[in-house]
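Accompanying notes for the structure given below.
Taken together, the values in this text are just the output of simple stated rules run on the coordinates, not laboratory data. Only a predicted model underlies this, so the values are computations on that prediction, with no experimental measurement involved. FYI the Cβ positions are ideal-geometry reconstructions off the backbone, even for glycines, and counts take in every protein chain you see.
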Amino acid sequence: MSETATLYIVPTPIGNLEDISPRALETLQNANWIAAEDTRHTHRLLQHFSISTRTLSLHEHNEDKRTAMLCQRLKSGETVALVSDAGTPLISDPGFVLVRKCREEGIPVVALPGPCAAITALSASGLPTDKFIFEGFLPPKTGPRKQVLECLTERPFTTVFYEAPRRVLETVSDICQTLGESRRIVLAKELTKTFETYKDGAAIDVKHWLEADAVRQKGEFVLMVGGAEITPSELSPEALALLAKLMPLLPLKKAAAVVAEHYNLKKNALYQAGLDMEL
Ligand code: SAM
């Protein structure tokens, strides 16, 4: 009986074809099957690199059915490479159902590191990267979208979204309304492509920049929102009360860290508040 083979998660370029790794190419070449979000799209990539591995489709509408079939093939010893149209599979792309099933059934899963628009954009954004949240796509309708954005009102760290070109201006307008015109945001557009652009600044300035030229609203976007700047005077009474209780028991640095962790706040703001209390 043949041994269970491995499912490989293979990231593909998000624009620049040079961004595929030698290991990714070798994995695609050697796999028995490539499971692709859109086989026609993936054929163009495979053709470019002269790879002739058989493909089959795996997308949001057939993922359950395909998962059963692929698990059988993996168990019979056939290697499968999973790709999406661009970037890292499963990151706002299909593949989760398959990977979870493989894990449940003891089928080995190996992920290759590679291109991902969110991480590429974040690393060059100039926004803090020590802690961030990835929210995928915002809801298409303005009401639910504003509800999601309101959750960022006090969030002290960077939030990363994917956004469609037809909605980017509306979303930046919604940010101005819900988080204020001065909230710092960064738009990363057409990453790794000829017209790669970063536009950063106050939300209102980015909105005006988009409005000034309709071409600026075209292409692929990662939208990043900077964390809320909470000053000591804006800290909630609950957070300040906990800090006051902890200060006699712990060094101020430690007390500020505990309260920051508990209420998801910035350590610095709490440390400053503690200093003010000591005066
Ligand atoms: N799995 C992909 C990844 O790892 O980045 C993301 C897939 S998601 C369906 C596609 C979205 O990613 C686009 O709508 C856009 O928001 C973002 N994106 C993909 N390529 C991009 C690029 N070259 N520049 C900016 N954003 C990009």
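What FRET efficiency comes out for the pair Leu250/Arg54, r = Cβ-Cβ distance, R0 = 51 Å, nearest 0.05?
Values: r = 61 Å, r/R0 = 1.20.
Plugging the Cβ-Cβ distance into 1/(1 + (r/R0)^6) gives 0.25.
Going by amide H atoms built from the backbone, whose H comes under 5 Å of the H on Tyr8, apart from near neighbours?
Residues meeting the criterion, in which the H sits 1.01 Å from N, are Val80, Ala81, Leu82, Val110.
Determine the gain in length on full extension of the stretch Asp130-Ala241; use 0.36 nm per residue of separation and subtract their C-alpha separation, reporting nm with one decimal.
Values: separation 111, 0.36 × 111 = 39.96 nm, distance 2.72 nm.
Between Asp130 and Ala241, full extension yields an extra 37.2 nm.
Which FRET efficiency, nearest 0.05, do Asn32 and Glu104 yield, Cβ-Cβ r, R0 25 Å?
Values: r = 22 Å, r/R0 = 0.87.
Efficiency, from the Cβ-Cβ distance: 0.70.
Which whole-Hz couplings ³J(HN,Hα) result when phi for each residue of segment 34-40 is put into the Karplus expression 6.51 cos²θ - 1.76 cosθ + 1.60, θ = phi - 60°, listed in order with x for Gly and Pro?
10, 8, 10, 4, 9, 5, 5
Mind checking the full-extension length gain between Glu181 and Lys267? Use 0.36 nm per residue of separation minus the Cα-Cα distance, one decimal, nm. Write down the numbers at each step before the final one.
On the way: separation 86, 0.36 × 86 = 30.96 nm, distance 2.51 nm.
Computed gain between Glu181 and Lys267 is 28.4 nm.
Can you find, among His48, Gln272, Pro165, the residue sitting farthest towards the positive end of the charge dipole of the chain, where Lys and Arg contribute +1 and Asp and Glu -1 at Cβ?
Selected residue: His48.
Using a 10 angstrom cutoff on alpha carbons, build the Gaussian network for the chain and name the most mobile of Glu196, Glu26, Glu63.
Highest fluctuation of the listed residues: Glu26.
Could you give me the ³J(HN,Hα) list for segment 65-77, computed from phi with Karplus coefficients 6.51, -1.76, 1.60 and θ = phi - 60°, whole Hz, x at Gly and Pro?
Each residue of segment 65-77 in turn: 5, 5, 4, 4, 5, 5, 4, 4, 5, 4, 5, 8, x Hz.
Can you list which of the trypsin sites (Lys or Arg not before Pro) found in segment 175-254 are DSSP loop residues with at most 16 other C-beta atoms within 10 Å? Let's see the in-between values first.
On the way: sites: Arg183, Arg184, Lys189, Lys193, Lys199, Lys207, Arg216, Lys218, Lys245, Lys253, Lys254; in loops: Arg183, Lys193, Lys218.
The qualifying sites are Lys193, Lys218.
Could you give the length gained by full extension between Asp85 and Phe137, i.e. 0.36 nm per residue of separation minus their alpha carbon distance, to one decimal place? Display every interim value, and only then the final one.
Details: separation 52, 0.36 × 52 = 18.72 nm, distance 1.63 nm.
Difference between extended and current length: 17.1 nm.
List the trypsin sites (Lys or Arg not before Pro) within segment 136-178 that fall in a DSSP loop (any state other than H, G, I, E or B) and whose Cβ has at most 11 other Cβ atoms within 10 Å.
Working: sites: Lys141, Arg145, Lys146, Arg166, Arg167; in loops: Lys141.
Here the trypsin sites (Lys or Arg not before Pro) that fit, given the DSSP loop and packing criteria, are Lys141.
Against the longest principal axis of the chain, how steep is helix 168-179, in degrees 0 to 90 to the nearest 10, with axes from Cα atoms?
30 degrees
For Phe161, Phe195, which order do you get if you count the other beta carbons within 10 Å of each Cβ and list the fewest first? Intermediate values should be presented prior to the final figure.
Numbers: Phe161 24, Phe195 11.
Least to most surrounded, the residues fall as Phe195, Phe161.
Could you tally up the Lys pairs in segment 117-225 with alpha carbons closer than 15 Å? Skip any pair fewer than 8 positions apart unless they're on separate chains.
Values: Lys189/Lys199; Lys189/Lys207; Lys189/Lys218; Lys193/Lys218; Lys199/Lys207; Lys199/Lys218; Lys207/Lys218.
Lysine pair count for segment 117-225: 7.
For Cys151 paired with Glu278, estimate the spin-label separation in nm (one decimal), with each label point 7 Å from Cα along the Cα-to-Cβ line.
The modelled label-to-label distance comes out at 3.7 nm.
Using only the alpha-carbon atoms, how far is helix 267-278 inclined from the longest principal axis of the chain? Give it as 0 to 90 degrees, nearest 10.
The angle comes out at about 20 degrees.
Show me the ranking of peptides 41-51, 95-105, 27-37, 170-180 by mean Cβ neighbours inside 10 Å, starting with the highest.
Numbers: 41-51: 14.5, 95-105: 16.5, 27-37: 21.2, 170-180: 19.0.
Per-residue mean Cβ counts within 10 Å order the peptides as 27-37, 170-180, 95-105, 41-51.
In whole Å, largest first, what are the principal axis extents of the Cα atoms in segment 120-279?
So the three principal-axis extents are 58, 31, 24 Å.
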